[in-house]
Each structure stands twice: as structure tokens, then as C-alpha cells.
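> After the C-alpha cells below, expect a handful of questions from me.
The values are calculated or read from the model by the stated rules, or taken from the named source; none is laboratory data. These numbers were taken from a predicted model, which means no experiment stands behind them. Please note: Cβ atoms are built from the backbone with ideal geometry, for glycine as well, and neighbour counts cover all protein chains shown.
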Amino acid sequence: MNNRLREYIDNLFATAPSNMKAVEVKEEILQNLTDKYNDLIAEGKSEDVAFNIAVASIGDVSDLIRELQGLPQQYSKMAQDNEKQRQRTAWAKGLGYEWVLGWGWASGWQTPPER
């Protein structure tokens with residue numbers, strides 16, 4: 001069964017770089033997965049049930065893989081939300097400045113630049 005767990009982890013980390021950090025993380029997850037599997041077997045679960053439960057406990061590792069690949073943080077959900085908020089703020093500020101400058105030009109307070 002250890003081979004099956006290792007194959008699963010190898011497939012999970014197929015797109016991860018082969019640097020030392022990625023190997024350490026992969027081995028740590030494999031060790032945790034093996035411990036979980038062995039605990040479930042000790043509780044009386046069948047090999048297939050223990051494998052499925054252990055594998056399900058890993059969850060989504062896509063953000064972890066991206067981090068190991070060194071991709072920009074913008075790919076994480078929180079960073080994407082922050083970027084959207086920044087763009088909205090920039091747009092609102094731009095709209096506000098445009099409105100103020102437009103009002104100034106219309107009132108004669110400031111003359112528009114020559115084109």
C-alpha cells in the first residue's frame with residue numbers, strides 16, 4: 001500500500017519543481033498520509049477505505065504547488081480579491097479626479113491643457 005500512496009503523491013506533485021523545498025514538502029505530506037493510513041488500518045478500516053479517507057484528507061494542493069513553482073502570489077484567491085479591490089479603488093479615484101478637473105474647467109477655475 002505504501003507504493004500506492006507514493007504513486008498518488010507523485011501524481012499530485014507532477015507539476016511541482018524538483019527542487020529541495022518541493023521534495024521536502026512532498027515527503028512530509030507522504031509521511032502524514034502514511035501515518036493517517038496506518039491509523040485508519042489500526043482502527044479496523046479496510047485498505048481501500050483507509051486509502052480513500054487518507055487521500056481525501058489532503059485536500060487541494062494547487063496553491064501549494066504554485067508557491068513551490070515560484071509563481072506570483074496573484075494566483076491565490078486572496079491576492080486576486082485584493083487586486084480587484086485595488087483596481088476598483090483606482091477606477092473610482094480616476095473618476096473622481098476627472099470629475100473634479102472637469103468641474104474646474106467648466107467653471108473657469110482652471111483652463112484645460114492645450115492639445
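> Name the pairs: first residue in the range 57-70 and without any contact (Cβ under 8 Å) to a residue 24 or more places away in the chain and over 11 Å from Leu12 (Cα atoms), second residue among the aromatic types (Phe, Trp, Tyr) and part of a helix (DSSP H, G or I), Cβ to Cβ under 8 Å, at least 6 apart or on different chains?
As it stands, the answer is Asp63/Tyr75; Arg66/Tyr75, since those pairs meet every condition given.
> Could you look through the range 1-53, keep only residues that are under 17 Å from Gly70 (Cβ atoms) and of a type in the set (Lys, Arg), and pick out the one that is surrounded by the fewest Cβ atoms within 10 Å (Cβ to Cβ)?
Lys21
> Moving to a separate point now. For Gln74, all conditions in the list (1) modelled with pLDDT under 55; (2) out of contact with any helix residue (DSSP H, G or I) (no Cβ under 7 Å at 6 or more places or on another chain) hold save one; what is the number of the exception?
All conditions pass for Gln74, except number (2).
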